[in-house]
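Have a look at the structure below, then the notes.
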Amino acid sequence: MNRTILAAALAALAMTVPGAVAQETKIAIGISGWTGFAPLTLAKEAGIFKKNGLDVTIKKIPQASRHLAILSGDIQCAATTVETWIVWNANGVPTTQLFQLDKSYGADGMAVRNSIASIKDLKGKSIAASAPGTAPYFTLAWMLKKNGLTVKDVNVVNMEPGPAAQAFIAGQNDAAMTYEPYLSSVRAAPEAGKIIATTLDYPMVMDTFGCTPDFIAKNEKAVKALAESYFEALDMIAREPAKANQIMGADVKQTAEAFAKSAAYLRWQDRAANKAFFAGEHAKFSDEAADLLLELGIIKQKPDMAKLADPRFIQ
């Protein structure tokens, strides 16, 4: 049998095998090492994405530059905080939220020196936080506003959450904005300072997953598979916690036990929680967040708020 005939025979055989010629949809996702994004890593490493017909590449990209990766086409989807999608859309980066990942229950916080008694005492002090347009910066602005201050009343030193925590423990800056798993390193160093406020005190950090409108329009089946894969990852966490925590912890260089402790400070959002969130809370929070973003000068005008989310894929 010559090569041409053999190739034709193999092709014909492949056509008779279900799924043999089905191609996985390639998707590049931008995230950070934030604990709340870990189910996405689990979905990849445990083969859930692949089982659902997705060829997913996960790229660790700082929040401050994640939108640039979307603009360049390097990634099609990302995970980030609700207010960040407002910033991206208001500044010419069209993106649509598809499902909610998590809510912070103490996983984001402000660390201060032991001599500082209240947030109001931070006036004139140096605070390490990511750049404007990121979740830590927004959290800082939110906490300051609730205590009668603005970011203009403090000296913001731009540092990403990991380095911010490390620098704080090493004695740099008067305060730091960080999140899990880095916040736990501050909890473990009481001599360096204390955590004066978290999202238990100010419940305003919540993360969602989204993609570009163009990708969604051309790949609705894959988008549905992304949402289903996330919910399946949550099922695995509930069914096999030790194995799941080991996989998720390894990605951020934590043991399964250490990762579980970090994850205790947040709540991953299942399908029912997603439906409730997008039924009203998402729009209400987005409006308040947009007002603060305008006040900070991070956005010049509100984007089309009705186009920020498309939750039909969580049904």
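Throughout, read-outs are computed from the coordinates displayed, never taken from laboratory work. This one's a predicted model, so the numbers in the text were calculated from it and none came from an experiment. Cβ sites come from the backbone with ideal geometry, for glycine too, and all protein chains shown count toward neighbours.
Tabulated results
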{"read-out": "More than 18 Å apart - percent of Cα-Cα pairs taken over segment 136-241", "value": "64"}
{"read-out": "CD proxy at 222 nm, helix term only [per DSSP H run n ≥ 4: -39500 (n - 2.57); per residue of the chain; nearest 500]", "value": "-12500 deg cm²/dmol"}
{"read-out": "Under 5 Å, built H, 5+ apart or other chain: amide partners of THR178", "value": "GLY109, ALA111"}
{"read-out": "For segment 119-133 and segment 77-97, distance of Cα centres in Å", "value": "24"}
{"read-out": "Distance from segment 217-242 to segment 265-301 (C-alpha centre basis), Å", "value": "22"}
{"read-out": "Stretchable slack from LYS120 to ALA217, in nm (0.36 nm times residue separation minus alpha-carbon distance)", "value": "30.2 nm"}
{"read-out": "Summed side-chain charge close to LEU266 - residues other than LEU266 whose Cβ falls under 11 Å, Lys, Arg +1, Asp, Glu -1", "value": "-2"}
{"read-out": "Flagged links, alpha-carbon separation over 26 Å, of LYS146/LYS284; LYS59/LYS302; LYS275/LYS307; LYS145/LYS194; LYS146/LYS300; LYS125/LYS302", "value": "LYS59/LYS302; LYS125/LYS302"}
{"read-out": "Cα shape, segment 53-95, gyration tensor, a/c 1.5 rule", "value": "prolate"}
{"read-out": "Taking all pairs of distinct alpha-carbon atoms in the chain, Kirkwood radius in angstrom", "value": "20.6"}
{"read-out": "Ordering of 157-170, 208-221 by packing [mean C-beta count within 10 Å, highest first]", "value": "157-170, 208-221"}
{"read-out": "Charge dipole (the chain, unit charges on Cβ, about Cα centre) - positive-most of ASN245, ILE48, GLY133", "value": "ILE48"}
{"read-out": "Packing-based exposure ordering (other Cβ within 10 Å, fewest first) of SER118, SER262", "value": "SER118, SER262"}
{"read-out": "Qualifying aspartates and glutamates (Cα of each under 14 Å from Cα of LYS103; at least 8 residues distant if same chain)", "value": "GLU83, GLU180, ASP201, ASP207, ASP270, GLU281"}
{"read-out": "Most mobile listed residue (ILE116, ILE31, ILE86) in the chain, GNM with C-alpha springs under 10 Å", "value": "ILE116"}
{"read-out": "Sites LYS50 and LYS307 - FRET efficiency at Förster radius 25 Å, r taken between beta-carbons, to 0.05", "value": "0.20"}
{"read-out": "Cut-off 18 Å (backbone N to label point 7 Å along Cα→Cβ of LYS26), residues of segment 55-88", "value": "55-60, 69-78"}
{"read-out": "Approximate spin-label separation ASP153-LEU68, in nm, with each point projected 7 Å along Cα-to-Cβ", "value": "3.3"}
{"read-out": "DSSP bridge pairs, the chain: antiparallel proportion in percent, nearest 5", "value": "60"}
{"read-out": "Folded to 0 to 90 degrees: helix 241-251 orientation relative to the chain principal axis, Cα", "value": "80"}
{"read-out": "Relative contact order for the chain, counting Cα pairs under 8 Å that sit 6 or more residues apart, in percent", "value": "26"}
{"read-out": "Antiparallel bridges, percent of DSSP beta bridges restricted to segment 108-198 (to nearest 5)", "value": "60"}
